[in-house]
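Structure first, commentary second.
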Amino acid sequence: MNAPASGGAPTSHLYIHVPFCVRKCRYCAFYSVEAADEGLMDRFVTCVATELGSRRGPALETVYLGGGTPSLLGAARIARLLDAVRERSPVSSTCEVTLEVNPETIDRAGLQACRSAGVNRVSIGIQSFVDSNLEWLGRIHDAHRGRQAVEDSLSLGLRTSIDLIYGLPGQSVRAWEEELVNASGCGTDHISAYELTWEPGTPLYRERVQEGRATVGGRIVRRSMGERFFFATHETLERLGFEGYEVSSFARRTQDRSRHNLATWAHRPYRGVGPAAHSYVVDGSGHRRTWNRPELAAWLEALERGARPPADSELLSPEQLLMERVMLGLRCREGIDLEACRAECGETAVERLLERASAMCAAGAVELRGRSPGDRASVRVVPTLKGMALADRLALELCD
Amino acid sequence: MERIRNFSIIAHIDHGKTSLSDCILRRTGAIPPRETRALLLDSMDLERERGITIKSSAVTMDHVGPDGEKYLLNLIDTPGHVDFSYEVSRALAGCEGAVLVIDASQGVQAQTLANMYKAMELDLEIIPVVNKIDLPNLDIDRVLRQIKEELGLDPAGAILCSAKTGAGIDQVLDAIVTRVPPPRGRVENPLKALIFDSHYDPYRGAIVYVRVVEGSVRAGDRLRVMSTGRTALVEEVGHFRLKNRPMARISAGEVGYIISGIKAVGETPIGDTITSDEQPADGPLPGFVEAKPVVFSSVYPVNTDDFEELSDALAKLALNDASLHYQKESSSALGTGYRVGFLGLLHAEITQERLEREYNLSLFVTAPSVQYRITMKGGEVRLIDNPAHYPDPGEIAGAEELYIKASMIMPDEYLGAVMKLCMDRRGTNLRHSYVSPGRVDLMVEIPLAEVIFDFYDCLKSLTRGYGSFDYEILEFRPGQLVKLDIKVNGEAVDTLSMLLHRDRAEGRARAICLKLKEEIPRHQFRIAIQGAIGGKIIARETVSAVRKDVTAKCYGGDITRKRKLLEKQKEGKKRMRSFGQVNIPQKAFFAVLRRHEE
């Protein structure tokens, strides 16, 4: 994409943030507004088109409509959005076009219409197959509706992913494992399974802190339980035929992986459009992360008068680039791409990193893998499951 | 000399000593009416804020007595806290009378009694004054009864006043003139001047506050400090008015200052006697004791780069505080700092506050500890306050610790609880007596080490704030001393070693291990935290290994935030100290060593 409105080099990955929800879930820290009316949603779609700009860009490999609840827009507006995208960049049949869906906001006909509009992958916010869990999380759908949505999506031939959350208060590892079996049983080809995080700014976090059951800043309440859940998730899903290709992402086959997310984790440039959307831009000025402010009204207002929406950005230093590559790489089965690091951050930094990584091999946290034995240039630092579970900590140690 | 009156105002803390002084100064015109700065005598911000006089001071006033004659009144203000009881006694030694202030709502308290006894020992005329009579709902009769029963003074001689409204102030002034005797002493005798304080002035050096007891002194004389034999040329003498007022000479009976070639206040110790070098007195005035620190803390700059600033600040404070003793020390965890000796807990607290406030330093001050007297098998005696200097236990013949005599006055319903507290703290020789119906004075001999930790806080909470406390230092007595080491994965952490009584070791070790368990982040391996005496483990905690440390979600919009979090943690790691493979955050040391439990 190439967009004069906010500048930046062409990228082949596009993210559109749709900041509308029927109701905010208690645990969610993503930016969204509740109870949007039709008019507001129409204005949003028009403004996305404006923000995309008029210059033609290269063919897109992935498009991701995230939120918020993008399915809340309805098939017609989703079609308009994708038309606007196609007007500027070729979207081939091999392009992965993902739509995040809340089961309550879309039915089979809606999904069918979205498919006609170009959507070929849906990510369904199931979160749980247990009604009491859904209620506690503040979800608007129930377990039955969730199953129905998965069935509808699969029957339409859409690539289908579901989101699940574990580590709810009172939840047992055993009950969670049953949910995973249910999830696998409903036929989905991709699962994103997250530990519940107590994100500052969410109602859940406030309740917890006020009840005095979590320490301030304590992201995870029962750390030791979190460990058991994490390993149980990976082990159970592997038995069920899924590969954990990232900390929280599981795919039945290689082609079922989220190509959009993989691009992000592989440190490829991407363009984000919509309020609160982030972009990663690589151009003559260097490596930059930019992000629109999480303010829908200001974003609309700016684009409607032909201005750039309010945004912030930062230019990444070689050390920061390395930190990002290491931190993201250790989260993924693919590991850290040292060749790319070498190009961005220099030989010395990579040698130092390799030295530290070698020490970690002994502890069984990472492995060093080259395309062929002795081929130092192609070596990647690949985390074991044990290492993936400690990715944040290892990233610090590798970049020390 | 017949028309000089030297007096002091003494009181329990917060009973209004300083405001009464201020009121008297205004009434006599020593402070001009338009001077708005409140509480003139407490010149440090800290003194005004805390309502505690830290240093002594003095002021000379003119007053026309009831007989129509002009009198010279010298008010010597005394420090207001138990840590400074020696300084108080020296200031009182410079007077013939004392105004004993009693808060009309609080009545007689421990320091009221302690200060009165000091004044009585020095044979001062005591004028009881009931202050704050403007407060509502007072039982003045109860206070007057206490004056009779607890102080043994004639309540008919008590004056009711309010420093706030000015009521009764004239009666206080008249009583000072008519009841306090004039000073005695002969101007012809060789000079004997009692040092009751000295202040450091950057331009003039030490300004020595004296009460001239015998003889006189003038500029150009050569003085001699009797305890040290140090001599110096007198540059200026004078009286204390709103500002120092130079005089031709100051003579027997008078209160004033001497400026000489002496620069450091440490060379003019409180209680010492100044005489004339040419015509020395036959002996010093009685009662001089060298002030010795009894409470010790280590002081480190939180930012290790600030060590030079800390050194400068301590040197400057010591210029005006002869009782401040300090010595450089270093710790593997906290860097370079000082081991500082204080007269007591308040002295330690005030010093820390002044360092932080006046010198803008961010400091870490360890929990206070005491000094032990250790006799080696060879007979050598060592005073040790630092665990690092603790000798091989096999070489030690015996150890002793300092005891104090504490006096606590409280309503008798709390006696049982406070006695239990004292016994828990190894108190001995408990005695109590009723100072008046319903109120007891509990006296106990107790190791200083047991009092410096949180004893005063416990006393206050057990007695719902009604218990008051005073103490005096007794002597060294035998005690079972051990050195407690804290080990992390087998390696002793020097900064956390401490000397303490054997009976206290296990409890303390457990508390420290538990605290460290909370503060040391989990590593990828198990960490054993142990408390040990020699080779014997007396407490143990384990920090389990971390198996998971990864954020659940990290999508395009999360990367910047996540990276910043890691960068912050990387910064935090710099403030860790490594012991073997274990990284211990600096705040873990703070949590274990800090004075107050949170």
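The values are calculated or read from the model by the stated rules, or taken from the named source; none is laboratory data. Quick caveat, the model's predicted, so the values are computed rather than measured. Positions of Cβ are backbone-derived with ideal geometry, glycine not excepted, and every protein chain shown enters the neighbour counts. These area figures cover heavy atoms from the full protein model, side chains too; ligands, DNA and RNA do not enter into them. Shrake-Rupley method; radii C 1.70, N 1.55, O 1.52, S 1.80 Å.
Points worth noting:
- If the condition is being at pLDDT below 95 and either part of a strand (DSSP E or B) or at the interface with another protein chain (Cβ under 9 Å from one of its Cβ atoms) (or both), then the range A:191-219 contributes A:Y194, A:E195, A:L196, A:T197, A:R219.
- Given (1) more than 10 Å from chain A (Cβ to nearest Cβ); (2) open to solvent by less than 50 Å² (accessible area, probe 1.4 Å), number of the condition B:V550 does not satisfy: (1)
- Answer from B:D485, B:D470, B:D441, B:D494 - the residue that is open to solvent by 50 Å² or more (accessible area, probe 1.4 Å) and not small (G, A, S): B:D494
- Residue among B:V143, B:V108, B:V99, B:V88 that alone is of a type in the set (V, I, T) and in contact with an Asp or Glu (Cβ under 8 Å, 6 or more places away or on another chain): B:V108
- Considering the range B:182-256, the qualifying strands (runs of 3 or more DSSP E), each wholly inside and each with 1 or more residues that are surrounded by fewer than 20 Cβ atoms within 10 Å (Cβ to Cβ) and more than 25 Å from the chain's Cα centre (by Cα), run over B:216-218, B:222-225, B:231-240, B:244-247, B:249-251.
- Residues within the range A:334-362 that are open to solvent by 50 Å² or more (accessible area, probe 1.4 Å) and within 14 Å of chain B (Cβ to nearest Cβ), tallied: 3
- Which numbered condition A:R371 misses (of (1) away from chain B (no Cβ under 12 Å); (2) not in a loop (DSSP other than H, G, I, E, B)): (2)
- Which listed residue is on the phi < 0 side of the Ramachandran plot, in the same structural domain as B:N583 (by TED's automatic domain parsing) and not charged (D, E, K, R), from B:L448, B:L459, B:L499: B:L499
- Note on the range A:380-389: residues that are away from every other protein chain (no Cβ under 14 Å) and either open to solvent by less than 20 Å² (accessible area, probe 1.4 Å) or within 18 Å of B:K573 (Cβ to Cβ) (or both) total 2.
- Within the range A:249-288, the set of residues being at the interface with chain B (Cβ under 10 Å from one of its Cβ atoms) and among the β-branched types (V, I, T) comprises just one member, A:T264.
- Among the residues here, A:D392 qualifies as within 14 Å of another protein chain (Cβ to nearest Cβ) and in contact with a Ser or Thr (Cβ under 7 Å, 6 or more places away or on another chain).
- Failed item, numbered, when B:G580 is tested on (1) surrounded by 16 or more Cβ atoms within 10 Å (Cβ to Cβ); (2) more than 30 Å from B:K292 (Cβ to Cβ): (1)
- Summed over the range B:425-474, residues that are within 21 Å of B:L402 (Cα to Cα), of a type in the set (S, T, Y) and in a strand (DSSP E or B) total 2.
- If you go through the range B:464-491 and keep only what is out of contact with any Phe, Trp or Tyr (no Cβ under 7 Å at 6 or more places or on another chain), of a type in the set (D, E) and modelled with pLDDT under 90, you end up with B:D470, B:E472.
Here is a yes/no grid of residues against (1) of a type outside the set (S, T, Y); (2) within 14 Å of chain B (Cβ to nearest Cβ); (3) in contact (Cβ under 8 Å) with a residue 24 or more places away in the chain; (4) open to solvent by less than 50 Å² (accessible area, probe 1.4 Å):
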site: A:A298; (1), (2), (3), (4): yes, no, no, yes
site: A:A307; (1), (2), (3), (4): yes, no, no, yes
site: A:S317; (1), (2), (3), (4): no, yes, no, yes
site: A:L321; (1), (2), (3), (4): yes, yes, yes, yes
site: A:R325; (1), (2), (3), (4): yes, yes, yes, yes
site: A:G364; (1), (2), (3), (4): yes, yes, no, yes
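- Residue, farthest from A:L72 (Cα to Cα), within the range A:1-23, restricted to residues that are surrounded by fewer than 18 Cβ atoms within 10 Å (Cβ to Cβ) and modelled with pLDDT of 80 or more: A:R23
- Every residue from the range B:364-383 that is outside any loop (DSSP other than H, G, I, E, B) and either at pLDDT 85 or above or polar (S, T, N, Q) (or both): B:S369, B:Y372, B:R373, B:I374, B:T375, B:M376, B:V381, B:R382, B:L383
Here's the yes/no breakdown for (1) open to solvent by less than 30 Å² (accessible area, probe 1.4 Å); (2) assigned by TED's automatic domain parsing to the domain that holds B:T463; (3) within 30 Å of the chain's Cα centre (by Cα); (4) free of Cβ contacts under 8 Å to residues at least 40 places away in the same chain:
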position	(1), (2), (3), (4)
B:G378	no, yes, no, yes
B:V381	no, yes, yes, yes
B:N386	yes, yes, yes, no
B:Y390	no, yes, yes, no
B:G394	no, yes, no, yes
B:A397	no, yes, no, yes
B:E400	no, yes, yes, no
B:Y403	yes, yes, yes, no
B:M408	yes, yes, yes, no
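For every residue, the table says whether it meets (1) closer than 14 Å to B:L355 by Cα; (2) outside any loop (DSSP other than H, G, I, E, B); (3) free of Cβ contacts under 8 Å to residues at least 60 places away in the same chain.
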| site | (1), (2), (3) |
| --- | --- |
| B:T275 | no, yes, no |
| B:G287 | no, no, no |
| B:S330 | no, yes, yes |
| B:Y338 | yes, yes, yes |
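- Single residue of A:I78, A:I124 found to be part of a helix (DSSP H, G or I), under 22 Å from the mean Cα position of the chain (by Cα), buried (at least 23 other Cβ atoms within 10 Å of the Cβ) and among the β-branched types (V, I, T): A:I78
- Only one entry of B:A528, B:A492, B:A505 meets the criterion of being outside the structural domain of B:N386 (by TED's automatic domain parsing) and in contact with an Asp or Glu (Cβ under 7 Å, 6 or more places away or on another chain), and that entry is B:A492.
- Number of the exception - B:I76 against (1) at pLDDT below 85; (2) open to solvent by less than 10 Å² (accessible area, probe 1.4 Å): (1)
- Strands (runs of 3 or more DSSP E) enclosed by the range B:475-585 - at least 3 residues per element that are closer than 30 Å to A:Y64 by Cα and out of contact with any helix residue (DSSP H, G or I) (no Cβ under 8 Å at 6 or more places or on another chain): none
- Residue check, B:A509 more than 13 Å from every other protein chain (Cβ to nearest Cβ), open to solvent by less than 50 Å² (accessible area, probe 1.4 Å) and over 33 Å from the mean Cα position of the chain (by Cα): no
- Condition check for B:L113: modelled with pLDDT under 95 and open to solvent by 10 Å² or more (accessible area, probe 1.4 Å): no
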